[in-house]
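I have placed the structure first, in the form of structure tokens, so that the comments after it can refer back to it.
Values quoted throughout were computed directly from the atomic coordinates according to the rules given, and no laboratory measurement underlies them. The structure displayed is predicted, hence computed values, not measured ones. Please note: Cβ atoms are built from the backbone with ideal geometry, for glycine as well, and neighbour counts cover all protein chains shown.
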Amino acid sequence: MSIGEVLYRVLKAEEEGKKILEDAVKEGEAMVKRAKEEARALITQASERADREARNLIEDARREANQVAARLREEAARRNAILEDRARKRLDQAVDMVLRAAWYGDSGDPGGPGGLGDPGDSADSAGEKGKG
């Protein structure tokens with residue numbers, strides 16, 4: 001083989017090497033581009049999934065808060081009813097005490113001093129009693 005043939009083969013091999021290298025670089029760039037696109041797609045999917053999960057958690061928290069609020073309202077209504085019942089009973093007792101005091105007066109006897117009640121008098125005759 002002559003020096004010319006060797007140089008020719010070396011140059012040809014060098015050109016083929018450059019072409020292989022250029023093809024490899026292009027292929028590598030394409031792979032990097034695909035990897036970036038896949039990474040973006042995965043990031044988007046993960047972000048969407050995280051958004052959905054966050055919305056679900058928020059909805060779960062809202063539902064639970066509404067349930068707790070409903071239970072608290074029911075408990076408050078129950079306690080209010082109990083307090084209203086106690087207040088009515090105390091008011092009834094107070095009214096009874098006032099009426100008894102007015103009826104029996106200071107002596108404890110019906111129609112006694114300071115009292116309005118007289119077992120012998122009717123309501124009509126009580127008004128005529130002072131006309132005498």
Once you place label points 7 Å from the Cα toward the Cβ at Asp92 and Arg52, how far apart are they in nm?
6.1
Give me the dipole magnitude in Debye, nearest 20, for segment 1-93 about the Cα centre, with unit charges on the beta carbon: positive for Lys and Arg, negative for Asp and Glu.
1020
PRE reach from Asp60 (point 7 Å along Cα→Cβ): which of segment 20-52 fall under 20 Å by backbone N?
46-52
